[in-house]
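What follows is a set of notes on a single structure, which appears directly below.
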Amino acid sequence: MSILHDLITPPLRAALTAIGKRRLPTISGNLKLPGLAAPVEVLRDRWGVPHIYAQSERDAFMAQGYVHAQDRLWQMELNRRTANGRLSQIFGDLALDTDRAALTFGFRRLGVADWERLDARLRTAMEAYAAGVNAYLQSPEYRAPVEFTLLGLKPAPWTVEDSMAFSRVMIWQLSHAWYGELLRAWMIEKVGAEHAAELEIDYPRLNPVTLPDGIEFNVRSAKGALHAARGPFLTRSMGSNAWTVAGARTTTGKPYLCNDMHLALGLPGLWYEIQISAGALKVGGVSLPGVPLVLVGHNDRVAWGMTLAFTDCEDLFVEQLEDGPAPRTRFGKGWKPVQVIEEAIPVKGRREAHLERVLVTRHGPIISDVVGASDRRLAVCSMALRPSPALTGWYRLDHARGWDDFVAAMRLIEAPQLNVPYADVDGNIGYWVTGKVPIRKRGDGRTPAPGHSPDHEWTGEVPFEAMPHTFNPRRGLVVTTNQKLVSDRYRYALGRVYMNGYRARRIEQVLGAKAKVGPEDFRALHLDFTCLPGQEFVQRLRGFSTSDARAGQALELLCGWDGVLSPDSIGGTVYEITRTRLVRNLLEPGLGKDLSTRLMGQGFHPVLLASHEFYGHDTVAMLRMLDNPKSWWVKQAGGRQAVIERSLIEAVEWLRATLGADATRWQWGKVHRAPFDHPLGMQKPLDRIFSRGPVPVGGDTDTPCQTAVAPENPYDNRSWSPSFRQIVDLSDLTRSTITTVPGQSGRLGSPHYDDFIEPWRKGETHPMLWTRAQVEKELEGKLVLEP
């Protein structure tokens, strides 16, 4: 079959690409757009980024819907089908598990509930956005993307409910903690609580905490601070990454705000760059196709970024369920009714729809059957599965004029749980952790709780004012890389869920090494492949002796490695393969292969939850075990000398079998590559038509340029990677830069389908054009949308 594919792929790719080119959307000229109140100009720059100029916000958001549909309609179709549980309708049984999970978690239902809580102005924006999408579908210029033709699919009209449901998928994917509880329960069942404790998330002592005291508020440390801080928190006396740097530490004397969000790569990419100018609103950055607004970027006054905060906002409850026509769960001395929702899922190739019976308890939906734990009745209680005004928060963030407005927006983002760094043109920097965090009556939420016991209920929420935040911190720097947020003396329990902090330590090392830092330093950090735990591992091997020639070769290459995981690194390759084999050799005698893979980071579903909060902590646990002469896991693996030697030998044997006996050919980028997979690439040979890459990259999960490996499918960069980078210069917004990947357009045949891949791989960004004069100098097309 591969020979047949080799023969038919080139002409098929040429034919489909040619069709795609003929169907590309109009980017120059004049088009009628019914529903506009006044003409709207859409100026596309040479990177394919649209700059929308409208007289009203409603017209601007209608134009945003139109350009999103022009460039990303296929992606939007998949997004809404994912959220609404309708992927099986086009992909058949292959997608049924995804649909079952989406309907069980209830993203569509939550979207409907959120609509009722929307700010009136945002409702208008959402309705205008949907009208813009539908105007494109009904426009004489509409020509279906190639994917629709191959599947024989015609897109239905876009609805505000589609946008709302998709927003709930994103909110839920960015919230964490429930799967870790299930994983802990499995580990305890397998090896007992004492031995499972040795695998627990334990923050490395030398790695930095974001805000040790939780809150730091300094109102006089920057020009304009008193005015900017006016509001409800000015009188609070309690003293408290993206990273934000104060002017006192920069080459311009004004703040910089930098962000690189690490998410799964694909084609099309997740983000869509855009700028919107409408009356008093002027905002630019990245958006999500399917939803209006700019989610991360800057307006004319403030800039913001986002990283996951990993606060523990979810719990699992083991329910005592009495099933039947009127199911109920035991609680205390009585019983509580369970809501039953019957969901019919149309499946391509089946005559009849699949019927999914969703049970919703007082704690939340029972998810056992869709997450691989059908031996018990587990309900998930999550702040991310409650109605939320989060989108209104983003709307207000786009309009923020200073710190007070920023804080008001943060209050509304009740989920997801995010670190949001801040900087403004007045010279202030700040930071706030969003999302509600529960206060538990008993326990710490690390393992599933008995659903029948009132002793494990949520009794309240951490007050918004007490969530970690800072305004103009004394050291002039905030670094957030999903690390531990606060010290153990912080008043409230935010959970023991966080990444291991090595990226934060490296970023602070670099930023702290110079008196003044600027954009070149930030660009270097965006492509920094320094691996601190790799350096620590090599230190532990110095003095290690072996009589085996293979292990000796690995040791020699490791001890000569500089600790930088660049694509051409050889010692780095040996580290990564040895590290993986060593972790597995330590874990598998106790946990077995499958549970070890889960502990190393494999989630329950490749789309809805590809990984979880234990990811990256296997390295920390491995280093800790090597330092512990009493470690049960090391003993189970045959002792420290034996398990290290075995892992070194296995690494060399794997490298010889994969890359050949010549060690000079063992470069990391040959086995660690970033793929840009298109959903239709699941069917060969369409992968060689629609997908791109893989391209060699450096890094791993512990380097500032984070390129994470899926434990079930090493060693390519299949988990997540920098999906977006921005450097915002608050001294002159016209000097700000940005990039996404793989390109602005999702249309096969477009010059912007994959043109960002190579610059992204090199760490390059392009200008984040701000003034109209800048845009017109880089103009690719001017489209006037008329009423």
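Quick notes
- Contacts under 8 angstrom Cβ, first residue in the stretch 281-296 being charged (D, E, K, R), partner open to solvent by 10 Å² or more (accessible area, probe 1.4 Å) and in a loop (DSSP other than H, G, I, E, B), 6 or more apart: LYS282/ASP300
Each row is one residue, and each column tells you yes or no for (1) surrounded by 21 or more Cβ atoms within 10 Å (Cβ to Cβ); (2) touching a Lys or Arg at 6+ places or on another chain (Cβ under 8 Å).
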site	(1), (2)
PHE406	yes, no
ARG411	no, no
GLU414	yes, yes
ASN419	yes, no
TYR422	yes, no
GLY427	yes, yes
HIS452	no, yes
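- The test for being among the aliphatic types (A, V, I, L, M), crowded, with 20+ Cβ neighbours inside 10 Å and under 19 Å from the mean Cα position of the chain (by Cα) holds for MET600.
- Tallying residues that are closer than 23 Å to CYS705 by Cβ, more than 28 Å from the chain's Cα centre (by Cα) and surrounded by fewer than 16 Cβ atoms within 10 Å (Cβ to Cβ) within the stretch 535-585 yields 3.
- THR149 farther than 27 Å from LEU680 by Cα, open to solvent by 40 Å² or more (accessible area, probe 1.4 Å) and assigned to a helix (DSSP H, G or I): no
- Filtered residues of the stretch 775-787 (kept if open to solvent by 40 Å² or more (accessible area, probe 1.4 Å) and outside any strand (DSSP E or B)): GLU776, LYS777, GLU778, PRO787
- Among the strands (runs of 3 or more DSSP E) confined to the stretch 403-505, the ones with at least 2 residues that are touching a helix residue (DSSP H, G or I) at 6+ places or on another chain (Cβ under 9 Å) are located at 418-424, 429-433, 438-440, 469-471, 477-479.
- LEU609 among the aliphatic types (A, V, I, L, M) and surrounded by 22 or more Cβ atoms within 10 Å (Cβ to Cβ): no
- Condition check for GLY284: small (Gly, Ala, Ser) and either surrounded by 21 or more Cβ atoms within 10 Å (Cβ to Cβ) or assigned to a strand (DSSP E or B) (or both): yes
- One residue alone among GLY746, GLY693 is assigned to a loop (DSSP other than H, G, I, E, B), closer than 22 Å to ASP260 by Cα, of a type in the set (Gly, Ala, Ser) and in contact with a Leu (Cβ under 9 Å, 6 or more places away or on another chain), and that residue is GLY746.
- Qualifying positions in the stretch 724-740 - open to solvent by 10 Å² or more (accessible area, probe 1.4 Å) and either over 19 Å from GLU273 (Cβ atoms) or under 19 Å from the mean Cα position of the chain (by Cα) (or both): SER731, ASP732
- Restricting attention to the stretch 53-76, the residues that are open to solvent by less than 10 Å² (accessible area, probe 1.4 Å) and under 16 Å from SER163 (Cα atoms) total 13.
- Within the stretch 267-276, considering residues that are crowded, with 20+ Cβ neighbours inside 10 Å and more than 16 Å from ARG735 (Cβ to Cβ), the one farthest from the chain's Cα centre (by Cα): ILE276
- Residues that are open to solvent by less than 20 Å² (accessible area, probe 1.4 Å) and either in a loop (DSSP other than H, G, I, E, B) or at pLDDT below 95 (or both), drawn from the stretch 26-52: LEU33, LEU36, ALA38, GLY48, VAL49
- Residue in the stretch 586-593 that is under 21 Å from GLN535 (Cβ atoms), open to solvent by 10 Å² or more (accessible area, probe 1.4 Å), modelled with pLDDT of 95 or more and in a helix (DSSP H, G or I) present: no
- On the stretch given as the stretch 164-195, residues that are open to solvent by 10 Å² or more (accessible area, probe 1.4 Å), assigned to a helix (DSSP H, G or I) and closer than 27 Å to LYS635 by Cβ total 10.
The values are calculated or read from the model by the stated rules, or taken from the named source; none is laboratory data. Here the structure is a predicted model, which is why all the values come from computation and not from measurement. Counting neighbours? That spans all protein chains shown, and the Cβs are built from the backbone with ideal geometry, glycine included. Just so you know, the surface numbers come from the protein's heavy atoms only, side chains and all, with ligands and any DNA or RNA stripped out. Shrake-Rupley method; radii C 1.70, N 1.55, O 1.52, S 1.80 Å.
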